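As structure tokens, the structure follows; a few thoughts come after it.
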Amino acid sequence: MSENQATLSADGKTVEMPVRSGTIGPDVVDIRKLYGQTGLFTYDPGFTSTASCDSAITYIDGDEGVLLHRGYPIGQLAEHSSFMEVSYLLLNGELPNQDELAEFTRTISRHTMVHEQLSTFYRGFRRDAHPMAIMCGVVGALSAFYHDSTDIADPQHRKISSHRLIAKMPTIAAMAYKYSVGQPFLYPKNELSYTGNFLRMTFGVPAEEYEVVPEVERAMDRIFILHADHEQNASTSTVRLAGSSGANPFACMAAGIACLWGPAHGGANEAALNMLKEIGTPDKIPHYIERAKDKNDPFRLMGFGHRVYKNYDPRATVMQQTVREVFSALKVNDPLFETALRLEEIALSDPYFIEKKLFPNVDFYSGIILSAIGFPTTMFTVLFALARTVGWVAQWNEMISDPGQKIGRPRQLYTGPTQRDYIPLNQR
Ligand code: CMC
């Protein structure tokens, strides 16, 4: 890492601040001493110009549309790898050899069951509860069941809780679905793959054998890979911030799930499919494009635009391909796919979207695939949470292992009243 200096002059004072370089990507100005030396804070709501940590996990070049996990391009991982392999890579920094992958997969498969008592939690929810509401509650409750792995200072505890979270998330997610449709919960079957197991627990019933369709299993696994991590996005930053206080990992993941639920983040896949349904046929597209461009209309094209990508989201490219594969394996077609393709084409030739560099993101096509597989829209964000758990866990572990780690505590520009005296109630 090379070190340069940046100079800031303010209030008649000049301060030198180190400029740090990573292995790739923009340099950062290290402003940690700024307040001490000048009495000034920086101001950056939404963190558009602020790096919050060092990280060696994921790199995004938003202008070029590049996404690397531990250096490997997402396109290569999606094509050649499996979700278990990518999980190992995110957690450990290197691709596993055959023995390491077999051992990791075996370990994860041995943690797939949840404490039997946990199933009674579901019964406390209304049947029509949003599954993300159930996920927030049940994942947060895990720390009440797994006390033996909540010492965050112990690397072994951290490892076991990481494995537990990755392994149990499909079981918990499938149970949320089963509860909503009134079918019995299915126990995991560990001879199946991580993804095959999840599909069976979701769509299988105890009365019949469930046959995993290999193409669907592969597509689902790829969707998990595409969602596995995305550097310091809102939910990951939430997990890190929650974890910075020393909270246990189960509580941190519940915080991440809560943040992911929002329609500007993980909830966009549900919102994107609902939007496509609302648009319906291609002839209605121009009307919705006009609405998206109208400053006085809150409508936005869901599945379009990204804080970091100012180019085509590389995950959207893989998603679009995967739609065709799933349709051909299941011998289905969905006219909404045509609407989506046409919407993309019209938006990408419109000056508003060109100038603002708004391209389809990962969520634009994912809803069409998930719906073809049989998931209701309310489950879409749950699947995102399931896959992102490994990213959250890897980032949380990285933060806890960082010797320079501190509690996250932003400052503010105060705009409220200055000090004033209390007026008794009877005089107001
Ligand atoms: N449709 C219409 N206009 C848009 C859209 C959109 N989808 N996205 C951004 N804009 C406009 C926005 O109005 C603003 O215009 P102006 O400069 O004239 O005020 C400009 O583009 C910049 O937008 P911004 O909201 O300041 O950008 P941001 O970086 O804060 O927001 C975003 C990024 C993803 C929240 C936003 O693009 C958006 O709301 N997209 C729709 C929701 C969505 O698809 N989210 C999924 C993101 S990918 C999955 C994930 O990471 O969770």
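Descriptive notes on the structure:
- The packing ranking, built from the mean of other Cβ atoms within 10 Å per residue, places the peptides 303-316, 27-40 in the order 303-316, 27-40, highest first.
- Rough spin-label spacing in nm, given labels placed 7 Å along Cα→Cβ, for residue 310 and residue 191: 5.4
- Amide proton proximity set for residue 304, modelled H, under 5 Å, gap of 5+: 361
- 222 nm mean residue ellipticity, helices alone, for the chain (DSSP H n ≥ 4; -39,500 (n - 2.57); rounded to 500): -15500 deg cm²/dmol
- Phi-derived couplings, Karplus 6.51 cos²θ - 1.76 cosθ + 1.60 at θ = phi - 60°, listed residue by residue for the range 16-30: 9, 10, x, 9, 10, 10, x, 7, 6, x, x, 5, 10, 8, 7 Hz, with x used for Gly and Pro.
- Projected label points at residue 64 and residue 422, each 7 Å from Cα along the beta carbon direction, are separated by 6.1 nanometres.
- Measuring nothing but alpha carbons in the range 327-419 and taking Rh as the Kirkwood radius, the Rg to Rh ratio lands at 1.18.
- When each of the peptides 369-377, 146-154 is scored by the mean number of other C-beta atoms lying within 10 Å of its residues, the order from highest to lowest reads 369-377, 146-154.
- From the C-alpha gyration tensor of the chain, square roots of 5λ in Å: 36, 29, 24
- Relative contact order (%) - the range 39-106, alpha-carbon pairs under 8 angstrom, separation at least six: 19
- Summed residue charge, Cβ within 9 Å of residue 360's Cβ, Lys/Arg positive, Asp/Glu negative: -3
- Net length gained if the chain between residue 215 and residue 325 were fully extended (0.36 nm per residue, minus Cα distance): 38.8 nm
- Fraction of C-alpha pairs exceeding 17 angstrom in the range 1-108: 66 percent, rounded to a whole number.
- Projected onto its three principal axes, the C-alpha set of the range 303-346 covers 36, 20, 12 Å, listed from the longest axis down.
- Summarising the amide proton neighbourhood of residue 66: residues at separation of 5 or more, or on other chains, whose placed amide H is nearer than 5 Å comprise 61.
- Once the Kirkwood radius over Cα pairs is known for the range 124-197, the Stokes-Einstein relation at 4 °C and 1.567 mPa s delivers a diffusion coefficient of 95 µm²/s.
- Per-residue Karplus couplings for the range 52-60, computed as 6.51 cos²θ - 1.76 cosθ + 1.60 with θ equal to phi - 60°, are listed in order as 9, 6, 8, 8, 10, 8, 10, 10, 10 Hz, Gly and Pro entered as x.
- Spread of Cα-to-Cα distances over 5 Å intervals beginning at zero, given as percent, for the range 203-323: 2, 9, 12, 16, 17, 15, 14, 8, 5, 2, 0
- Net charge of neighbours whose Cβ lies under 13 Å from the Cβ of residue 67, counting Lys and Arg as +1 and Asp and Glu as -1: -4
FYI, it's all coordinate maths here, none of it is from the lab. Fair warning: this is a prediction, and the values are worked out from it, not measured in the lab. Positions of Cβ are backbone-derived with ideal geometry, glycine not excepted, and every protein chain shown enters the neighbour counts.
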